[in-house]
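Participant: Following this message is one structure expressed as structure tokens.
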Amino acid sequence: MSTNSTVALPITKIANVLDADVVEADVFKSVLRQMAGTVTVIATASEDGLHGMTATAVCSVCADPPTILIVVNRSTRTHPHIENKQAFTVNILNDGQQDIAELFASKGTEPFAKVSHKLLNDGCPAISGTAGYLHCLTQAQAVVGTHTIFIGRVIDAGVGAPKPLVYYDGKYCGVGELTRERL
Ligand SMILES: Cc1cc2nc3c(=O)[nH]c(=O)nc-3n(C[C@H](O)[C@H](O)[C@H](O)COP(=O)(O)O)c2cc1C
């Protein structure tokens, strides 16, 4: 168990949402399908072993201090282990690792027995051959509807093999040839 102390964040209410303001669920989902997401495996460890799940809800928060957030459904098997450990890794899959994405989305038993990985100093796993990984301590968390937002301070990171695997419109894809420069 980590000695890191997590703060439970209240959600600051900035507006009343009326029934009339609520977007239709199918419209909401259609719009979100237009948001391409980098495919990761969020992973952690417990006394029972290693736990992980495929996730695209990962976002940079700030670089000073290095901080990210992840959004995890409370009904997943991995959620209680992230909450207990107060530490996790974000493994950024590369475009040759779709099989790993499907493995960690499929609720099989002991997925880490099928995937090469190393254990970091607190026992959290880093999957081999990824585009990179972030190792985080949970700084704060907030419950929103069915999910928990975990805010993680990045304490270790590694860059690996490009390029990342992407999920877009319900399908896996890559990022193409990367020929466009910033204007
Ligand atoms: C491409 C993709 C992205 C996903 N992103 C998330 C996510 O960001 N957060 C989440 O809670 N579940 C996400 N899921 C669903 C979980 O991977 C899925 O519920 C998984 O079975 C949970 O595993 P577990 O119950 O063994 O922890 C995603 C699934 C896929 C295929």
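Rule-based calculations on the coordinates, nothing more; no lab input. None of the values given here were measured: they were computed from a predicted structure. Ideal geometry is used to build each Cβ from the backbone, glycine not excepted, and the neighbour counts take in all protein chains shown.
Participant: Kindly state, to the nearest 0.05, the FRET efficiency for ASP48 paired with LEU9, given R0 = 30 Å and r defined as their beta-carbon distance.
Facilitator: 0.60
Participant: Right, another one. For GLY152, enumerate residues with amide H under 5 Å from its amide H, sequence gap 5+ or separate chain, H modeled in the peptide plane.
Facilitator: Placed amide hydrogens put ILE68, LEU69, ILE70, GLN139 under 5 Å from GLY152.
Participant: Could you list log10 I(q)/I(0) for the chain at q = 0.12, 0.15 Å⁻¹, which the Debye formula gives when each Cα is one point scatterer?
Facilitator: Log10 I(q)/I(0), no solvent term: -0.61, -0.93.
Participant: 222 nm [θ] for the chain, helices only, -39500 (n - 2.57) per DSSP H run of 4+, per residue, to 500?
Facilitator: Calculated from helices alone, the mean residue ellipticity at 222 nm is -3000 deg cm²/dmol.
Participant: Computed over the Cα atoms of the range 23-65, what is the convex hull's projected area averaged over all directions, in nm²?
Facilitator: 5.4 nm²
Participant: A further question on this structure: Hey, with R₀ at 30 Å, roughly what FRET efficiency would ASP99 and ALA140 work out to, going by the Cβ-Cβ distance, to 0.05?
Facilitator: For ASP99 and ALA140, the calculated efficiency is 0.35.
Participant: Another question about this same structure. ASP26 to LYS114: extension gain in nm, 0.36 nm per residue of separation minus the Cα-Cα distance?
Facilitator: The span from ASP26 to LYS114 would gain 28.1 nm if fully extended.
Participant: Then there is this: Rounded, prolate or oblate: pick one for the range 56-132, where a ≥ b ≥ c are the square roots of the eigenvalues of its C-alpha gyration tensor, a/c under 1.5 means rounded, and failing that, prolate if a/b is larger than b/c, else oblate.
Facilitator: It comes out rounded by the Cα gyration axes.
Participant: With r defined as the distance between the Cβ atoms of TYR168 and CYS62 and R0 fixed at 35 Å, what FRET efficiency is calculated, to the nearest 0.05?
Facilitator: In this case the efficiency is close to 0.85.
Participant: Could you list, bin by bin from short to long, the percent of Cα-Cα pairs of the range 107-169 in 10 Å steps?
Facilitator: 17, 34, 43, 6
Participant: Setting aside same-chain residues fewer than 8 positions from LYS114, which lysines have a Cα under 29 Å from its Cα?
Facilitator: By straight Cα distance, LYS114 reaches LYS85, LYS163, LYS171.
Participant: What is the set of long-range amide H partners of ASN94 at a cut-off below 5 Å, with H atoms built 1.01 Å from backbone N?
Facilitator: Close amide H contacts, sequence-distant or interchain: ALA131, LEU165.
Participant: On to the next question. Label points 7 Å out from Cα along the Cβ direction at ASN73 and LEU18: separation in nm?
Facilitator: 3.3 nm
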